[in-house]
Amino acid sequence: MHTRAFDFALHRGIDARPMASDEAVILAGQMEALKTGYAVTKVKAPLATDEAVILAGQMEALKTLPLPRLSDRLGYVVHMPTLLEGVSRIGEGAVMPVHFNRVQVLSIPSAHSRCNSPANAIAFKKLLTQSIRAADRHAKMLSIILITRSEHAVPHVATVARCFSQYSLKTAKYSALTTVRVECHFVDDEKVSAADWTALGRLVHGVQSAQWIVDRPANLMNVDDMVKAAASVAKALSIDPVIIRGEQLRDLGFGGIYNVGKAALQPPAFICLSHAPKGATKSFALVGKGIMFDTGGLTIKGKEAMPGWKCDMAGAAVALHSFATLVASGFTEELHVLLCCAENAVSPEANKPDDIITLLSGQTVEINNTDAEGRLVLADGVYYAKNMLKVSTIIDIATLTVAQCSVTGRYHAAIMSNSEELERKALRAGLASGDLCHPMQYVPDLHMSDYASAVADMKNAQLGAMMAAPSELAGLFIAAQIDLKDGTEWLHVDMGTLAMADDRATGYGVPLLVSLLGEFTNALILSGRCTD
């Protein structure tokens with residue numbers, strides 16, 4: 001059985017080693033960078049027949065490219081003055097093939113609107129995917145030479161990582177590539193510390209690890225497997241995890257998680273990993289929705305709507321590996337990750353419409369839609385964060401609603417917060433990381449009446465005419481479980497349609513959360529800033 005697992009390595013700078021016999025290269029960049037002058041030096045080694053190169057970067061960055069260090073790699077098959085002439089003519093957002101696609105130059109667009117990342121990560125991914133497919137036709141080894149600035153390192157490096165999903169159970173080898181070498185050259189290299197560089201490697205691992213979890217089907221990634229994944233992260237970070245499962249959840253009052261997951265073969269789980277360094281003055285919690293598969297419950301999705309819902313645990317995967325990346329990068333404040341894991345299955349034990357359950361907050365909920373289960377498990381998670389862990393900032397992330405796409409589209413997650421300052425920080429983190437987001441309104445005083453119930457504190461959905469947008473209403477349910485009047489900050493991230501693209505996990509959310517909290521690590525590059 002063949003599992004696609006690239007030898008994926010991230011390297012700093014561009015060395016002058018000769019290219020291997022089974023290597024390929026891709027050159028990409030924005031136009032201002034690609035117009036730079038190239039010096040020609042003596043060729044040391046030719047490109048082999050199964051080698052390819054991609055050179056990528058924004059034009060302003062590529063202006064500073066040290067061509068003498070590249071000529072030993074490319075000069076045998078590429079006439080450098082001709083390459084320069086081609087680069088001077090290439091348009092933004094274009095791909096220039098050289099020598100039968102053996103070398104490709106990517107011009108990442110520089111122009112962007114105010115709600116798009118200056119790094120243009122989405123455009124970069126489209127161009128890079130196209131170039132990788134071209135290289136994959138003949139190359140065994142691919143070298144991606146990325147020329148960028150430190151403030152664009154996170155979105156550009158994360159984009160490259162996303163293009164190489166690690167999970168597959170195809171029995172036939174479907175890719176010629178076996179090795180991917182990523183060389184990252186910084187225009188402002190003197191501003192990038194050793195800690196910054198190490199953190200970028202951890203970010204790559206975090207994105208690809210989240211992708212790997214989400215890509216696995218529910219028969220191979222169930223609640224038991226998620227517990228093992230979290231325990232593995234805890235062991236690597238020397239953390240003792242808190243794991244509460246099955247009937248213990250019921251006995252301790254976790255009515256949301258327990259009742260959603262009680263119908264499945266594997267019992268539901270609440271998992272908490274905590275990092276509490278000495279001297280911490282702030283406290284944060286990442287709360288992830290971990291619905292390992294969502295049938296919709298008795299309010300069943302149906303044969304056309306159900307496939308693909310293995311991704312409903314993407315919030316938990318992203319929260320877990322964001323936590324791991326931040327802690328491993330020297331997070332100086334208190335940080336917790338809470339995973340609310342269950343399978344929304346169908347059995348005689350499943351929640352039924354009209355059932356009334358009691359959440360950890362003590363509030364009672366009348367179930368009128370068993371397919372609105374994510375808010376139920378997150379309700380227990382955020383309450384635990386606020387009342388048991390006593391954190392001051394709570395961030396929940398989830399594939400909560402398909403309606404998110406109607407609110408913010410397929411490139412931006414929908415966010416909501418009771419704090420204008422935290423909302424602005426999240427917007428800036430989205431632009432800095434390339435994981436774009438946009439705010440929904442926060443008006444519980446006008447819209448919580450949509451949840452009115454005659455027999456419980458609230459319903460879990462509004463099935464008729466509603467005053468609020470569906471995605472906003474889903475977020476308000478989560479916020480309603482915690483007291484926000486004491487200054488507690490809460491941020492909700494609904495990435496309902498961003499977890500998957502072209503049937504593969506994206507790892508969306510890891511760069512966003514890491515950038516949002518990166519200022520509290522020893523690697524300022526994670527927050528889009530460079531070392532002084």
- Inside region 281-300, the number of residues satisfying the requirement of being in contact with a helix residue (DSSP H, G or I) (Cβ under 7 Å, 6 or more places away or on another chain) and surrounded by fewer than 24 Cβ atoms within 10 Å (Cβ to Cβ) is 1
- Task: Select from region 122-156 the residues that are surrounded by fewer than 24 Cβ atoms within 10 Å (Cβ to Cβ) and touching a helix residue (DSSP H, G or I) at 6+ places or on another chain (Cβ under 6 Å) and list them in ascending order.
- Result: Lys125, Arg149, Ser150
- How about region 408-422: which of its residues are assigned to a helix (DSSP H, G or I) and buried (at least 19 other Cβ atoms within 10 Å of the Cβ)? Thr408
- Query: Within region 94-143, which residues are among the polar types (S, T, N, Q), closer than 21 Å to Leu83 by Cα and without any contact (Cβ under 8 Å) to a residue 40 or more places away in the chain?
  - Reply: Gln130
- Item | Test set (1) aromatic (Phe, Trp, Tyr); (2) in contact with a Ser or Thr (Cβ under 8 Å, 6 or more places away or on another chain); (3) in a helix (DSSP H, G or I) - Tyr258 fails condition number | (2)
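Determine which member of the set Asp371, Asp380 is of a type in the set (Asp, Glu) and in a loop (DSSP other than H, G, I, E, B).
Answer to the check: Asp371.
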- Just one of Ala33, Ala56 is at pLDDT 70 or above and within 28 Å of the chain's Cα centre (by Cα); which is it? Ala56
- Is it the case that region 209-222 has a residue that's assigned to a helix (DSSP H, G or I), closer than 30 Å to Gln481 by Cβ, in contact with a Lys or Arg (Cβ under 8 Å, 6 or more places away or on another chain) and β-branched (Val, Ile, Thr)? yes
- Item | Test: residue in region 291-302 that is modelled with pLDDT of 95 or more, within 29 Å of Leu326 (Cα to Cα) and in contact with a Gly (Cβ under 7 Å, 6 or more places away or on another chain) | yes
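Starting from residues that are closer than 16 Å to Ala479 by Cβ and not in a helix (DSSP H, G or I), keep the ones in region 431-458 and report whichever is farthest from the chain's Cα centre (by Cα).
Asp457
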- Go through the residues of region 145-157 one by one and say whether even a single one is part of a strand (DSSP E or B), more than 18 Å from Met59 (Cα to Cα), assigned by TED's automatic domain parsing to the domain that holds Leu84 and not acidic (Asp, Glu). no
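The values are calculated or read from the model by the stated rules, or taken from the named source; none is laboratory data. Everything numeric in this text was worked out from a predicted model, so none of it was measured. No Cβ is skipped: glycine too gets one built from the backbone with ideal geometry, and neighbour counts run over all protein chains shown.
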